[in-house]
Amino acid sequence: MKYGLSYTLITRTTGFLGRTILVYKSTEVNELVSYLKNKNNLRLLDYGCNTGFFLDIVKKKYPQKEFDLYGADINRHALKYARKKYKEFTFYNIDKNLFKKGKFDVIVLAHVLEHVDDREGLLHNLRRLLKDDGELIIVVPQERIRGDCTLFQLLYNIVTFRFENPHKVKIFFNDLKQLLRKQGLRITKHKYVHFLYPFKSNRRRLDSWSLIVRCRRT
């Protein structure tokens, strides 16, 4: 998948629609932000931050907390936008130098894992970035057909004659649990976000939008 300017604009648009018109995206973001309410003086990395909107939401939700907020992405167009709009945050390109930036208390990996071929390698590297008592928060879509949560991106690919699914794989709870175990990580809590009311539960449904898991080192 080519992560250029068009992809950035599509992702920003679909994210905005999900947060404002529909409620599934705002439910997901609010759930993620709620995990930080009892934390102080933390270093947080949003891995796959796109244009940095999640970091901005965290800062606005907890203005009195001393959070050091960082973002990382492979999309140079998204990073250019993020660095211009959010000068108070630090943004990194995703390369080998990222893994020399020190340890983090919290790493958020939201809607990234399903795009990656080497998922074990990514989780291995993120574990290296976690402090011993750090927490990794992962969000993966719960698709019925691979790619059905990326309809706008799929349509764009078809129009531009790129017959490619943005998502490499569907990832369900047991798949993720096994993948994490191999990398020395264990799930401590999980939550499903749904398209329809009630918008959160601990069980997967036909209308599930995403699965959120919190995990730590074993």
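If you check 204, 146, 216, which single one turns out to be on the phi < 0 side of the Ramachandran plot, surrounded by 13 or more Cβ atoms within 10 Å (Cβ to Cβ), at pLDDT 95 or above and more than 17 Å from the chain's Cα centre (by Cα)?
204
Which members of the stretch 178-218 meet the condition of being part of a strand (DSSP E or B), of a type in the set (Ser, Thr, Tyr) and in contact (Cβ under 8 Å) with a residue 12 or more places away in the chain?
If the condition is that a residue be part of a strand (DSSP E or B), of a type in the set (Ser, Thr, Tyr) and in contact (Cβ under 8 Å) with a residue 12 or more places away in the chain, then 188, 192, 208, 210 are the ones that fit.
Does the stretch 111-125 contain at least one residue that is in contact with a Leu (Cβ under 9 Å, 6 or more places away or on another chain) and β-branched (Val, Ile, Thr)?
Among the residues of the stretch 111-125, at least one is in contact with a Leu (Cβ under 9 Å, 6 or more places away or on another chain) and β-branched (Val, Ile, Thr), which makes the answer yes.
Grab the strands (runs of 3 or more DSSP E) fully contained in the stretch 10-124, keeping just those with 2 or more residues being buried (at least 20 other Cβ atoms within 10 Å of the Cβ) and modelled with pLDDT of 95 or more.
Fully inside the stretch 10-124 and qualifying: 43-47, 68-73, 104-110.
The values are calculated or read from the model by the stated rules, or taken from the named source; none is laboratory data. All of these numbers come straight from a predicted model, not from anything done at the bench. Positions of Cβ are backbone-derived with ideal geometry, glycine not excepted, and every protein chain shown enters the neighbour counts.
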